[in-house]
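Colleague: Just dropping this structure here.
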Amino acid sequence: MEHAGEAVPIAELLDERRHLLEVAHWMLGSRVPAEVVVDEAYRRWYGLTDGRRERVASPRAWLTQVVGGICLARLTLPDPDGELGRPRPDTEARETETETGVEGEASAVLLRALESLAPAERAAFVLNDVFGVSPGTVAGVVGQSEPQCAELADRARRSLRAQGAHPTSPRRHAEVVNAVRQACADADGGRLASLLAPDATAYFDGGGKLRALSRPVHGGERVVRSLLTLLSRHPRTTLDTHSVNGRTGLVARYDGRVAAVITLDIAGSHVVQVWVVLNPDKLREWNRPRPSDA
């Protein structure tokens, strides 16, 4: 056990910071916010009393848990820039990864694939599979039990395998999304179920401002029921395809205003994950009048 007043070898100090930056980078997908997160973690460390720091058996593990917690909060809180979707690696991060050769390219590919995971799944997978963090620390970061975290990591592995095994072209992606739109418009549960993977998962982001589902819905049949209920036919409700984050998605309107934006992760010909943004704050830009409307 280290003591707060003891000197630490410079190699250990630098290795510790490098480790924390990598954890934050993998969780957030970008190096710039990773630096901010790590700086905040050290600020919290030095915010502890000397006695409290003395009682920390492993400062590195403590800092890792703090970094993970800050990153998870960033992934789950509404986007401060008002952008839809999961965090995307910035250009600088992608260029840096590519410059490192084959290993870097593989890392960049995995980082992009991680964008499709729910925040808790991403945290569990990154901490467990990429960094080998202890189950107790992972549970502390995610805020769930160790068995639940193991399930989250396993679900993430299945999703990443599905994406890697069956890449979907933009054209095929659009075809599946259009088929999903038609099945929802027709309230055709059987057709919709045939378009979903048996272990499909749906996530509903209401931002705490709507009485939306607060937990993910797992399993194709349950996802079908949830979507058909949410998008049930109504004279003042419409559902159309629209470009969302560079790919075809769905936009639901009520009385002409965007009420939900839906993106689909597709592996081969089946939807593996559904992301439903209902948070009014995130939809504000979608409902802002265009110059042509003025």
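Colleague: Residue check, Thr168 against (1) of a type outside the set (D, E, K, R); (2) surrounded by 15 or more Cβ atoms within 10 Å (Cβ to Cβ); (3) more than 17 Å from Val274 (Cα to Cα), all met but one. Which one?
Modeller: For Thr168, the failing item is (3).
Colleague: Taking region 176-228 on its own, how many of its residues are of a type in the set (Ser, Thr, Tyr) and farther than 28 Å from Leu75 by Cβ?
Modeller: Of the residues in region 176-228, the ones of a type in the set (Ser, Thr, Tyr) are 194, 201, 203, 214, 226.
This time we only want the ones that are farther than 28 Å from Leu75 by Cβ, so: 194.
Total meeting the criteria: 1.
Colleague: Do any helices (runs of 4 or more DSSP H) entirely within region 22-79 hold 2 or more residues that are surrounded by 13 or more Cβ atoms within 10 Å (Cβ to Cβ) and touching a residue at least 60 places away in the same chain (Cβ under 8 Å), and if so, which? Lay out the reasoning, then the answer.
Modeller: Values: elements: 31-47, 50-54, 59-76.
Where helices (runs of 4 or more DSSP H) fall fully within region 22-79 and carry at least 2 residues being surrounded by 13 or more Cβ atoms within 10 Å (Cβ to Cβ) and touching a residue at least 60 places away in the same chain (Cβ under 8 Å), they are 59-76.
Colleague: To continue, here is another question. Taking the options Ser232, Ser243, name whichever one is hydroxyl-bearing (Ser, Thr, Tyr) and either surrounded by 17 or more Cβ atoms within 10 Å (Cβ to Cβ) or touching a residue at least 40 places away in the same chain (Cβ under 8 Å) (or both). Steps first, answer last, please.
Modeller: Working: Ser243 fails: either surrounded by 17 or more Cβ atoms within 10 Å (Cβ to Cβ) or touching a residue at least 40 places away in the same chain (Cβ under 8 Å) (or both).
Just one listed residue meets the conditions, Ser232.
Colleague: Still on this structure: So which helices (runs of 4 or more DSSP H) stay within region 89-158 end to end and still have 1 or more residues that are crowded, with 21+ Cβ neighbours inside 10 Å and modelled with pLDDT of 85 or more? Working first, answer last.
Modeller: On the way: elements: 91-99, 102-114, 119-125, 135-142.
The qualifying helices (runs of 4 or more DSSP H) are 119-125, 135-142.
Colleague: Restricting region 202-229 to residues that are surrounded by fewer than 16 Cβ atoms within 10 Å (Cβ to Cβ) and polar (S, T, N, Q), which is nearest to Val180 (Cα to Cα)?
Modeller: This residue is Thr229.
Colleague: Same structure, new question: Can we say Gly268 is modelled with pLDDT of 90 or more, surrounded by 14 or more Cβ atoms within 10 Å (Cβ to Cβ) and not β-branched (Val, Ile, Thr)? Walk me through how you get there before you give the answer.
Modeller: On the way: modelled with pLDDT of 90 or more: no; surrounded by 14 or more Cβ atoms within 10 Å (Cβ to Cβ): yes; not β-branched (Val, Ile, Thr): yes.
Here the answer is no, as Gly268 does not meet what is asked.
Colleague: Considering only residues of region 205-225 that are over 20 Å from the mean Cα position of the chain (by Cα) and without any contact (Cβ under 8 Å) to a residue 24 or more places away in the chain, which is farthest from Gln273 (Cα to Cα)?
Modeller: For region 205-225, the residue satisfying everything is Arg211.
For every residue, the table says whether it meets (1) of a type in the set (Gly, Ala, Ser); (2) in a strand (DSSP E or B); (3) not assigned by TED's automatic domain parsing to the domain that holds Val258.
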{"site": "Ala179", "(1), (2), (3)": "yes, no, no"}
{"site": "Ser194", "(1), (2), (3)": "yes, no, no"}
{"site": "Asp199", "(1), (2), (3)": "no, yes, no"}
{"site": "Gly207", "(1), (2), (3)": "yes, no, no"}
{"site": "Ala212", "(1), (2), (3)": "yes, no, no"}
{"site": "Thr229", "(1), (2), (3)": "no, no, no"}
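Colleague: Also: Looking at region 176-200, which of its residues are surrounded by fewer than 21 Cβ atoms within 10 Å (Cβ to Cβ) and either aromatic (Phe, Trp, Tyr) or in contact with a Gly (Cβ under 8 Å, 6 or more places away or on another chain) (or both)?
Modeller: Ala193, Pro198, Asp199
Colleague: Where the second residue is modelled with pLDDT of 85 or more and the first is part of a helix (DSSP H, G or I) and lies in region 278-294, which pairs have Cβ atoms under 7 Å and are six or more apart or on separate chains?
Modeller: Here the result reads Leu283/Val258; Leu283/Val261; Leu283/Val277; Trp286/Val258; Trp286/Val261; Asn287/Arg257; Asn287/Val258, each pair linking region 278-294 to a residue that is modelled with pLDDT of 85 or more.
Colleague: Residues in region 12-29 that are closer than 22 Å to Ala113 by Cβ and out of contact with any Leu (no Cβ under 9 Å at 6 or more places or on another chain): how many?
Modeller: Number satisfying all stated conditions: 3.
Colleague: Just give me the residues in region 202-228 being of a type in the set (S, T, N, Q) and touching a Gly at 6+ places or on another chain (Cβ under 8 Å), in sequence order.
Modeller: Narrowing region 202-228 to residues of a type in the set (S, T, N, Q): 214, 226.
The one that is of a type in the set (S, T, N, Q) and touching a Gly at 6+ places or on another chain (Cβ under 8 Å): Ser214.
Colleague: So which residues in region 179-204 are farther than 13 Å from Gln273 by Cβ and polar (S, T, N, Q)?
Modeller: Gln182, Ser194
Colleague: Still on this structure, please answer the following. State whether the residues of region 239-247 include one that is within 19 Å of the chain's Cα centre (by Cα) and of a type in the set (Lys, Arg). I'd like the intermediate steps shown before the answer.
Modeller: So in region 239-247, the residues within 19 Å of the chain's Cα centre (by Cα) come out as 244-247.
Remaining after also requiring of a type in the set (Lys, Arg): 247.
Yes, because at least one residue in region 239-247 is within 19 Å of the chain's Cα centre (by Cα) and of a type in the set (Lys, Arg).
Colleague: Could you tell me which of the residues Thr263, Thr248, Thr238 is among the hydroxyl-bearing types (Ser, Thr, Tyr), surrounded by fewer than 20 Cβ atoms within 10 Å (Cβ to Cβ), assigned to a strand (DSSP E or B) and touching a strand residue (DSSP E or B) at 6+ places or on another chain (Cβ under 6 Å)?
Modeller: Details: Thr263 fails: surrounded by fewer than 20 Cβ atoms within 10 Å (Cβ to Cβ); Thr248 fails: surrounded by fewer than 20 Cβ atoms within 10 Å (Cβ to Cβ).
When all the criteria are applied, what remains is Thr238.
The values are calculated or read from the model by the stated rules, or taken from the named source; none is laboratory data. Computed from a predicted structure; not experimentally measured. Heads up, the Cβs are rebuilt from the backbone with ideal geometry, glycines too, and the neighbour counts pull from every protein chain shown.
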